[in-house]
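Participant: Here it is: the structure, laid out below.
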Amino acid sequence: MAKIHVVKVDPLRAAIKTLVRGFGSEPREVDLVTENLIQANLTGHDSHGIGMLPKYSEAYVEGGLKANAHVKMTLDGGAMIRLDGQAGFGQVIGHEAMELGIERAKKFGSCIVALGNSHHLCRIGAWAEMAVAKDLISIHFTNVISRPIVAPHGGGDARFGTNPFTVGIPVPGGEPVLLDFATSVMAQGKARVAYNKGEQMPAGRLIDNKGKPTTDPQYAVVEPHGAIVTFGEHKGFGLAVVCELLGGALAAGMACHEPATGEKRVLNGMLTILFDPAKLSSGALFGNEMKAFIEWVKASPPQPGFDHVRIAGEPERETRAKRMAEGIPVDDTSWGDILEAAERLKVNPAEVNRLAGL
Ligand SMILES: NC(=O)c1ccc[n+]([C@@H]2O[C@H](COP(=O)([O-])OP(=O)(O)OC[C@H]3O[C@@H](n4cnc5c(N)ncnc54)[C@H](O)[C@@H]3O)[C@@H](O)[C@H]2O)c1
C-alpha cells in the first residue's frame, strides 16, 4: 500500500502553480489549470485532480497539448455556436467556451455550444458549476478521443472512452443539483488511483485483455489493456453512445472509431445545452416544486450503510468542506509521478516538494 500524505490546500496550490508554469503558460492559464485540478481533488474526484499533470506533461512534450491556446469561433449562429479548442488546456478552453455560452444564453434564453478539439476538459461538473452560478441549467454530452478504454455492453474489448454525462440545475434558495458522471462504471482515473495505491477494484467493473472479468486495475492502466464496463449495463452503454454521437461526431466532428494511436494527448468533444429556467417557467413555481421534490426524496428512511439520502452534488460539497479543513490526501506514487512531471517540464522537483511542505 502506498503512503498517503495529507497536504493543506494553500501549500499544494503553490506547489502546483510552480509546476504548471513549466508549461510556459500565461499567468491566467497557470491560475485556471491549477484551480481546476485542485477543485477536482477538493470535490473528492482525485481521478481528475493534480494526478492528471504527469499525463498532461507527456502530451505537452509530445506536442499534443498546446500551452496558451484559446477558443476560436468557427460558427456564430447567435444562440448556437461552434468552437475549436485548438488542442489547448481544457481548463482554459472549457472556461472560455462556458463564458461565451453563458453570455449568449443570458441574451437569447438558451444557447447550444459545440466544442471540439479541446485537450482534456477534466471534471465536466466544473463547467456545469459555472452555468449554475449564473442561474442557468446546463446539460453536457462529452466524448473522449484517446485510447479506447470502455467495452460496449455485450462486447469483449474497449471501443470508446469514459464519455461523461453532466447536468447542472440551480435550485432557487437551495443548493444546486449537480449530476456528473462517467458512463463507464467508474472514471478511468479511479483505476489509476487504485493501481498507484496497490489496491484491487470491486468486482463487476473491469475485463482483462481476454475479455474476462477481473478486479485488477492494471488492465485499465498499463499494457496489456482490458476494458472498463459501462454503468447500468445496456442503459449506461446507450448513454455512452449518445455522448459519442452528440459530443463527438456532432459537436467535435471527431468520434472514436480507431484503435489507440499511442499518442499521449486526450481530446474531449462536448455538446453543451444552456438555458434560463426563469424564461421557461415561473421562477417561484419551478423553485418551490424542485425544493418540495428534493425534501420528499431526502426524507426516505436510510438503508443500512447510509446515514441519509443525498442528491447529486451533495457528496462533492461535503468532501470539499472536509478537505478544505483537513487537506487533500495524495499518495506517494502519484506524488512521485508529479515530481517526474516537474522534471520533464524543467521545473525543480525539490522546489515543488518544498512548496507542498513534503
Ligand atoms: N474529461 C473527461 O474525459 C472525463 C471522462 C470521464 C469522467 N470525467 C469526470 O470524472 C468525474 C468522476 O466521474 P465518476 O463517474 O467517477 O463519478 P462518480 O461515480 O463519483 O459519480 C459522481 C456523481 O454521482 C453523485 N453521487 C455520488 N454519490 C452519491 C450518493 N451517495 N447519492 C447521490 N448522488 C451521488 C455525485 O454528486 C455526482 O453527480 C466527473 O467529474 C466526470 O466529469 C471526465
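The values are calculated or read from the model by the stated rules, or taken from the named source; none is laboratory data. Not measured: the values here are computed from a predicted model. Neighbour counts run over all protein chains shown; Cβ positions are idealised from the backbone, glycine included. Remember, those area values only see protein heavy atoms, side chains included, never the ligands or the DNA or RNA. Shrake-Rupley method; radii C 1.70, N 1.55, O 1.52, S 1.80 Å.
Participant: Among Gly49, Gly305, Gly269, which one shows the highest mean-square fluctuation when the chain is modelled as a Gaussian network with alpha-carbon springs under 10 Å?
Facilitator: Top of the fluctuation ranking is Gly305.
Participant: In addition: Given Cα pairs under 8 Å that are at least 6 residues apart, what percent is the relative contact order of the chain? Write out the running numbers ahead of the final one.
Facilitator: Details: 790 pairs, mean separation 89.8, N = 358.
Relative contact order of the chain: 25 percent.
Participant: Turning to a different aspect of this structure: Ignoring any ligand, DNA or RNA, what whole percent of the accessible area of the range 39-134 comes from carbon and sulfur when the probe is 1.4 angstrom?
Facilitator: On the way: 1680 of 3170 Å².
Ligands and nucleic acids excluded, carbon and sulfur reach 53 percent.
Participant: Same structure, new question: DSSP beta bridges in the chain, what fraction antiparallel, as a percent rounded to 5?
Facilitator: On the way: 41 of 48 bridges.
Once the DSSP bridges in the chain are tallied, antiparallel ones form about 85 percent.
Participant: Just to be sure I understand: with springs between alpha-carbon atoms less than 10 Å apart, which residue in Ala69, Ala97, Ala278 has the highest mean-square fluctuation in the Gaussian network model of the chain?
Facilitator: Taking springs between Cα atoms under 10 Å, the residue moving most is Ala278.
Participant: Right, here's the next one. What spacing in nm lies between the two simple spin-label points modelled at Lys66 and Ala325, each 7 Å away from Cα in the Cβ direction?
Facilitator: The answer from the label model is 4.6 nm.
Participant: If you filter the range 263-358 for trypsin sites (Lys or Arg not before Pro), then keep DSSP loop positions with at most 12 other Cβ within 10 Å, what is left? Display every interim value, and only then the final one.
Facilitator: On the way: sites: Lys264, Arg265, Lys279, Lys291, Lys298, Arg310, Arg317, Arg320, Lys322, Arg323, Arg344, Lys346, Arg354; in loops: Lys264, Arg265, Arg310, Lys346.
For trypsin sites (Lys or Arg not before Pro) across the range 263-358 that sit outside H, G, I, E and B with at most 12 neighbouring Cβ atoms in 10 Å, the list reads Lys346.
Participant: Given a 1.4 angstrom probe, what's the average accessible area per residue across the range 109-208, in square angstrom?
Facilitator: For the range 109-208, the per-residue accessible area is 33 Å².
Participant: With springs only between Cα atoms under 10 Å, which of Val309, Val150, Val347 fluctuates most in a Gaussian network model of the chain?
Facilitator: Val309
Participant: Show me the trypsin sites (Lys or Arg not before Pro) within the range 166-231 that DSSP assigns to loop and that have at most 11 other Cβ atoms within 10 Å of their Cβ.
Facilitator: On the way: sites: Lys190, Arg192, Lys197, Arg205, Lys210; in loops: Arg205, Lys210.
Qualifying residues, ordered by number: Lys210.
Participant: Where the convex hull is taken over the Cα atoms of the range 188-228, what is its projected area averaged over directions, in nm²?
Facilitator: Spelled out: convex hull of the Cα atoms, projected over all directions, averaged, 2.3 nm².
Participant: Give me the accessible area per residue for the range 236-358, probe 1.4 Å, as a whole number in Å². Before the final figure, lay out each step's value.
Facilitator: Working: 6870 Å² over 123 residues.
For the range 236-358, the per-residue accessible area is 56 Å².
Participant: Do the sum for the chain: with -39,500 (n - 2.57) for every DSSP H run of n ≥ 4, divided by all residues, what is the mean residue ellipticity at 222 nm, to the nearest 500 deg cm²/dmol?
Facilitator: -12000 deg cm²/dmol, from helical runs alone.
Participant: Beyond a 19 Å Cα-Cα separation, which of these cross-linked pairs lie in this structure: Lys134/Lys322; Lys197/Lys235; Lys66/Lys264?
Facilitator: Numbers: Lys134/Lys322 26 Å; Lys197/Lys235 31 Å; Lys66/Lys264 13 Å.
As for pairs spanning more than 19 Å Cα to Cα, those are Lys134/Lys322; Lys197/Lys235.
Participant: With a 1.4 Å probe and all protein chains left in place, how much of the accessible area of the range 188-228 comes from carbon and sulfur atoms, in whole percent?
Facilitator: Values: 990 of 2040 Å².
C and S fraction of accessible area: 49 percent.
Participant: What are the DSSP H helices in the chain that stretch 27 Å or more along their long axis, judged by alpha-carbon atoms, and whose average Kyte-Doolittle hydropathy comes to at least 1.0?
Facilitator: Working: long enough: none.
None clear 27 Å together with a mean of 1.0.
Participant: Express as a percent, rounded to the nearest 5, the fraction of DSSP beta bridges in the range 29-188 (both residues included) that run antiparallel.
Facilitator: Values: 15 of 21 bridges.
Bridges in the range 29-188 are about 70 percent antiparallel.
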